[in-house]
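Remarks on the structure that follows.
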Amino acid sequence: MTAIVGLARRGTVLIGGDSAGVTGMDLSVRADAKVFRKDGYVFGFTSSFRMGQLIRYSLSPPAPAADLDRFMATTFVDALRDCLKSGGFARKEEEQEVGGTFLVGVRGRLYTLYDDYQVAQSADGYAAVGCGDRAALGALYATAGTGMKPRKRVRLALGAAERFSAGVRGPFTVVALRPKHA
């Protein structure tokens, strides 16, 4: 349960997330953020706080290669799988390895990684994951082309997710990964 919202625009990737920790019908507001920067990447996770902790504190993300899509689907995913396995998070379901779901931004691009380690990139330049994803995506769609600043769009999308999903709560955290200029 959560809402993680990402937006890529002009080389900058913004990812925002809520603070809900949900188990069954119980909800707590967590102080540990679901969104963070690390080694030239920006991450926002759903699925499990344990997975997020492993990514934040244990993953050593490899330096991106020139063919970024190929790199993310192979080298990055291999490093992620090793991290989640050694941290005791990855599991097998019907002989298939399963991880978790999160957004990751790198080099101005936004990717969604799903629990089967599939790497996706939206043609729209934005994505959302978690139980509030549909409301967030609707808000991002409705504000596209309006001239609204990206950070405001992400916050509005998180607010829509909170309004229409019982598993989403503020406060919201929004982190930007800006391009490095030579």
* Working carefully through the options A136, A66, A157, A127, find the one that is out of contact with any His (no Cβ under 8 Å at 6 or more places or on another chain) and without any contact (Cβ under 8 Å) to a residue 60 or more places away in the chain. => A66
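Have a look at K85, K92 and point out the one that is out of contact with any Phe, Trp or Tyr (no Cβ under 8 Å at 6 or more places or on another chain), closer than 18 Å to S47 by Cβ and assigned to a strand (DSSP E or B).
Working: K85 fails: assigned to a strand (DSSP E or B).
One residue alone meets the criteria, K92.
Could you tell me which residue of region 10-28 is nearest to L158 (Cα to Cα), considering only residues that are among the β-branched types (V, I, T) and at pLDDT below 95?
Among those that are among the β-branched types (V, I, T) and at pLDDT below 95, it is V22.
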* Pick out the one residue from A79, A33, A73 that is crowded, with 16+ Cβ neighbours inside 10 Å, in a helix (DSSP H, G or I) and at pLDDT 95 or above. => A73
* Structure fact -> Picked from region 85-133 (must be closer than 18 Å to G52 by Cβ and among the aromatic types (F, W, Y)), the residue nearest to the chain's Cα centre (by Cα) is F102
* Which of the residues that make up region 8-30 are farther than 15 Å from V174 by Cβ and part of a loop (DSSP other than H, G, I, E, B)? -> R10, G11, G24, M25, R30
* To do: Could you grab the pairs with beta carbons closer than 7 Å, sequence gap of 6+ or different chains, first residue in region 97-121 and under 12 Å from F76 (Cα atoms), second one among the basic types (K, R)?
  => Y117/R81
* Structure fact -> Of those in region 131-141 that are in contact with an Asp or Glu (Cβ under 8 Å, 6 or more places away or on another chain) and assigned to a helix (DSSP H, G or I), the residue surrounded by the fewest Cβ atoms within 10 Å (Cβ to Cβ) is Y141
* Qualifying positions in region 95-130 - aliphatic (A, V, I, L, M) and either part of a loop (DSSP other than H, G, I, E, B) or crowded, with 16+ Cβ neighbours inside 10 Å (or both) -> V98, L103, V104, V106, L110, L113, V119, A123, A127, A128, V129
* Asked: Quick one: in region 142-182, which of the residues that are farther than 12 Å from T2 by Cα and hydroxyl-bearing (S, T, Y) is surrounded by the fewest Cβ atoms within 10 Å (Cβ to Cβ)?
  -> T146
* Structure fact -> Flagged in region 130-171 as over 22 Å from G108 (Cα atoms) and among the aromatic types (F, W, Y), in numbering order, are F164
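The values are calculated or read from the model by the stated rules, or taken from the named source; none is laboratory data. This is a predicted model, so every value here is computed, not measured. Note: ideal-geometry Cβ built from the backbone for every residue, glycine included; neighbour counts use all protein chains shown.
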